[in-house]
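Notes for the one structure printed next.
The values are calculated or read from the model by the stated rules, or taken from the named source; none is laboratory data. It should be emphasised that the depicted structure is a prediction, and the values quoted were computed from it without experimental measurement. Cβ atoms come from the backbone with ideal geometry, glycine included; neighbour counts cover every protein chain shown.
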Amino acid sequence: MAPPSGSDQLQPRDVCVVGVARTPIGALLGSLSSLPATKLGSVAIQAALRRANVEPALVQEVFMGNVLSANLGQAPARQAALGAGLPNTVPCTTVNKVCSSGMKAIMLAAQSIQLGINDVVVAGGMESMSNAPKYVAAARRGSRFGHDVLIDGMLKDGLWDVYNDFPMGMCAELCADQYSISREEQDLYSIQSNQRAIAAQDSGAFSWEITPVKISSGRGKPPVVVYKDESLSKFDPAKLRKLGPTFKKNGSVTAGNSSSISDGAAAVVLVSGQKAKNLGLQVIARIRGYADAAQVTLTWLVIILINRCLSEHYFVGSPKKFHAEIWAHSPC
């Protein structure tokens, strides 16, 4: 993303970020677990539009990433949009690209603006891993004798490599082996990342992006307001270092240095440069380039993605003359 250099320099089809919001990140079966992903998505969309000073009626399309869609009901993106007060005439699309779902949703929204299809689009992602159901796969054919086996929907549909038939954490183990990344290095990286997040939270650096979530406490009781990322308050470096490997014997990847199992949602409001000028909107940033890349599951793609994103084919303008304020990537 590129920081804006003044609205007078905006081109008509520039993709401008004018509103952003995310919920706090809830822990597994934690403070946000009573809400489905679609409700979390509604909270994020509503807050992003309010901050952008864009009326819901102006939104022309919605793209929302969601992977664990089982038991959410039809069209999760549409549910989130209608729950945020958007008209029922707005087309909505749910995107499933595993870890990259939310980012791909934003790319699709950006493309629709660049192509002149839309001028105002909402995009983002939403998940409630706490609410991922467990399945009895053979139940439809009838359970006649013996024990039924439960299949974890979170693992089956979200965290399992179907091509190699093992959990995605094994990809991290193989990557660590290939590039000689030790357990100590992984723990240190995780500790540093958590400490930076705690410092950012304590200093208020996250306040501008987080929108509080109200959780019902029952009849006659005031709602509980969740306004901070939940897992940070429980972080313990000493405990992290003592955790055993999760995915293989004598491995290096643990529950502490892996991505957390979480609940949450985020949304952005994208508008064309022309619409930003017409409405007098404050531009937070412009999306100048994006790219997809794919390889064998076990290989690392970040360098390939960066090189492709900076190529003339994917980048708007000259990448050689450009300084990026924000790089975002998702390895899935």
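Residues of the stretch 177-200 being touching a residue at least 60 places away in the same chain (Cβ under 8 Å), over 22 Å from the mean Cα position of the chain (by Cα) and under 12 Å from Asn257 (Cα atoms), which ones?
Result: Ser182, Arg183, Gln186, Asp187.
So which residues in the stretch 210-242 are in a helix (DSSP H, G or I) and of a type in the set (A, V, I, L, M, F, W, C), if there are any at all?
Once the filter is applied, which keeps residues that are in a helix (DSSP H, G or I) and of a type in the set (A, V, I, L, M, F, W, C), the stretch 210-242 yields Leu232, Ala238, Leu240.
Looking at Val62, is it closer than 20 Å to Tyr290 by Cβ and in a loop (DSSP other than H, G, I, E, B)?
No: the conditions fail for Val62.
Residues to consider are Lys249, Lys275; find the one that is outside any strand (DSSP E or B), surrounded by 15 or more Cβ atoms within 10 Å (Cβ to Cβ) and modelled with pLDDT of 95 or more.
Lys275
Yes or no: the stretch 279-286 includes at least one residue that is at pLDDT below 95, on the phi < 0 side of the Ramachandran plot and not in a strand (DSSP E or B).
no
Those residues that are farther than 13 Å from Ala266 by Cα, not in a loop (DSSP other than H, G, I, E, B) and not hydrophobic (A, V, I, L, M, F, W, C), I need them from the stretch 16-50; list them, please.
Answer for the stretch 16-50, where residues must be farther than 13 Å from Ala266 by Cα, not in a loop (DSSP other than H, G, I, E, B) and not hydrophobic (A, V, I, L, M, F, W, C): just Arg50.
Of a type in the set (Val, Ile, Thr) and modelled with pLDDT of 95 or more, is that true of Thr299?
no
Taking the condition touching a strand residue (DSSP E or B) at 6+ places or on another chain (Cβ under 7 Å), within 26 Å of Gln201 (Cα to Cα), surrounded by fewer than 24 Cβ atoms within 10 Å (Cβ to Cβ) and of a type in the set (S, T, N, Q), does Ser33 pass?
yes
With the requirement that a residue be outside any loop (DSSP other than H, G, I, E, B), surrounded by 14 or more Cβ atoms within 10 Å (Cβ to Cβ) and touching a helix residue (DSSP H, G or I) at 6+ places or on another chain (Cβ under 9 Å), what does the stretch 188-209 give you?
Result: Ser190, Ile191, Asn194, Ala197, Ile198, Gln201.
Restricting to the stretch 229-276, name every residue that is touching a helix residue (DSSP H, G or I) at 6+ places or on another chain (Cβ under 6 Å), more than 22 Å from Leu29 (Cα to Cα) and charged (D, E, K, R).
Arg241, Lys248
Note down all Cβ pairs under 6 Å where the first residue falls in the stretch 246-268 and is closer than 13 Å to Glu185 by Cα, the second is hydrophobic (A, V, I, L, M, F, W, C) and assigned to a loop (DSSP other than H, G, I, E, B), and they're at least six residues apart or on different chains.
That search, which allows pairs on different chains as well, returns Val253/Phe247; Thr254/Leu243; Gly256/Leu243.
Show me the strands (runs of 3 or more DSSP E) found entirely inside the stretch 82-187 where at least 3 residues are under 30 Å from Val18 (Cβ atoms).
Qualifying strands (runs of 3 or more DSSP E): 92-95, 120-128.
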